[in-house]
Amino acid sequence: MKKHLRKLVAIFLVCLMVAAIVACGEKTTDADNITAADGSSASSATDGGSGDSGDSANAARDTLNVAVSLDPGTLDPVYMTGKGGYLSVLATYCEPLWYYTLDGEKVWVLATAYDQIGELEFTLKIREGVTFSNGNPLTAEDVWHTMQVNSADSRAWLNVKAIDFEKTHVVDDYTIDVWYTAFNAAQEVGFPQMLILDAESYDPAEMAIRPVGTGAYTVTEYIVNSYVTCEARDDYWGEAPAIKTINFKCLSEESQRVNALETGDVDFSLVPLKDIEYVESLGVSTEVLNVGSCMTALYNMSDTGLLNSIEAREAVSYAINCQAIVDVAYDGQSSVLGWGASEHLMEMQDRYLNMSDIYTDRYNVEKGTALAEQAGLTGETLRIVTYNEEKYITAAEIIQNGLEGIGVVGEIITYDQATFFTFLSTENEYDIAIFNPVAPGNMPCDVFGNYPVWISQDWSGDIHDEYIAIGAEANATADQSARQDLVYDLLAIMSEQCVWFGLCEDPTGCAFNSDLQNIVIDNTGVWYCQYMNF
């Protein structure tokens with residue numbers, strides 16, 4: 001039973017990580033074309049609808065070509081991962097109850113209200129007058145059915161993790177009485193991950209290739225590992241999109257996506273950071289964007305392991321040149337961290353930063369060497385595990401070099417992404433794991449409170465138990481100020497114990513046709529094509 005649970009946990013982690021790691025999102029500075037995710041307010045460059053280029057032929061364009069990669073092989077939102085931009089494909093034909101802008105503001109979509117009427121009871125109001133692409137009206141039964149489907153699937157249950165399915169019930173066609181088993185602060189902000197299904201027609205096999213949703217578009221053609229074509233609906237409940245046809249082209253290689261931008265074959269694409277400067281030279285607009293993903297060094301804290309002491313873990317932390325990771329793995333387009341998570345999380349506070357000397361006095365070889373000798377690490381070999389992607393391998397090599405500087409050997413072991421997360425949650429045959437702690441709700445209480453539960457790091461004892469208890473209390477606290485105080489207490493323990501070490505932000509490069517306007521991105525990195533126009 002325990003082994004089975006660990007396998008499920010590994011699957012959950014893959015879904016969590018994938019949803020945030022590869023999306024593109026916030027941190028815009030001077031981009032005239034990027035706007036908040038409500039689609040209602042754009043910069044001056046987007047005013048006027050069809051753009052300011054003065055090119056009448058271009059202004060009349062109603063077809064958008066988008067590069068994506070790593071086709072998941074299904075268009076079912078319950079089973080689809082976000083790798084390579086496919087969550088943005090999903091957003092064209094399926095919709096959530098609400099989502100959040102880059103600034104954390106809620107945007108109502110298929111719901112119009114979510115009111116707390118008791119400690120664990122909420123009233124959810126569903127938008128009236130919405131139809132699915134097959135003509136069926138949206139009702140509360142569809143939302144309730146979607147909750148149940150998510151709950152039954154090991155990859156999607158986190159979307160409804162706090163829901164009490166014994167008490168929750170449909171009141172009328174547009175009202176659901178929602179109950180929690182226990183209050184969970186991340187439930188409401190996690191709901192946007194749940195895209196609403198048509199209860200009458202939903203079938204996973206059919207949804208995989210001919211999806212039905214309430215979105216502004218319908219899928220007219222899908223060839224796995226090739227393309228997805230979407231056409232605007234005439235009967236969409238919201239504002240009619242300016243873009244009538246979207247061609248999502250699956251381009252697996254980074255060079256293919258850059259070439260497609262150069263030739264004009266695509267108007268929008270994720271691009272590697274190392275190619276940002278070149279892409280800009282082509283006259284294409286670019287942005288380096290963050291949505292709460294970061295790179296960290298996670299430590300195995302087993303009593304019998306080499307990193308079983310605070311001194312040993314701090315020695316490793318002092319040996320890591322985080323700025324080198326930023327400069328080499330991210331081409332200088334990232335930033336070092338002052339704590340163990342992205343600094344773009346919701347409810348982030350400045351007091352959370354630099355709570356340990358490993359952040360204020362980072363990359364100190366002298367300190368690292370002294371602590372390594374004190375902890376008996378000198379001359380030992382530490383296993384560094386990560387998954388097989390260039391930036392993570394580069395980071396592992398920099399960590400390896402840093403360890404050499406304090407007299408410790410580093411052995412790098414790489415896995416494919418799925419195997420890596422399964423390994424991390426079921427095995428303890430590692431010392432350092434290069435890791436991305438993220439969560440659907442982008443909240444510190446969720447990230448710091450739950451990861452030591454999902455990935456034990458072989459940490460145990462009274463301090464561990466205290467930490468887990470505070471994390472659970474933080475997630476169960478409704479008052480934001482009180483919750484943030486609990487997170488501070490949580491971080492105090494994490495800093496003292498050196499549970500993991502934040503390396504740098506994990507941004508994504510985004511490139512788009514300079515005439516493309518109203519590029520709307522939410523706080524998880526999903527971009528909304530329905531708002532775009534030329």
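The values are calculated or read from the model by the stated rules, or taken from the named source; none is laboratory data. Remember, predicted model here, so these are calculated numbers, not experimental data. Side chains included, ligands, DNA and RNA excluded: accessible areas come from the protein's heavy atoms. Shrake-Rupley method; radii C 1.70, N 1.55, O 1.52, S 1.80 Å.
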(request) For the chain, give the share of DSSP beta bridges that are antiparallel, in percent and rounded to the nearest 5; count only bridges with both residues there. (result) 75
(message) Given the whole protein assembly as supplied and a 1.4 Å probe, what does the accessible area of residue 253 come to in Å², nearest 10?
(response) 110
(request) Of the listed values (1) 53, 24, 19; (2) 75, 30, 19; (3) 39, 29, 20, grab the one calculated as semi-axes √(5λ) of the Cα gyration tensor in Å from the structure here. (result) (3)
(request) Order 416, 142, 458, 234, most accessible first, counting only protein heavy atoms with a 1.4 angstrom probe. (result) 234, 416, 458, 142
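Anything over 27 Å Cα to Cα? Flag those among 83/244; 125/249; 125/161; 249/274; 125/167, in the order listed.
On the way: 83/244 25 Å; 125/249 37 Å; 125/161 20 Å; 249/274 22 Å; 125/167 17 Å.
From 83/244; 125/249; 125/161; 249/274; 125/167, over 27 Å: 125/249.
Once the convex hull of the C-alpha atoms of the range 148-227 is built, how many Å³ does it hold per residue, rounded to a whole number? Mind dumping the intermediate values first?
On the way: hull volume 11.1 nm³, N = 80.
Taking only Cα atoms, the range 148-227 has a hull volume of 139 Å³ per residue.
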(request) Please provide three numbers in whole Å: the alpha-carbon extents of the range 93-189 along the principal axes, with the largest listed first. (result) 37, 34, 29
(message) Suppose the chain between residue 206 and residue 244 were pulled fully straight at 0.36 nm per residue; how much longer would it get relative to their current alpha carbon spacing?
(response) 11.3 nm
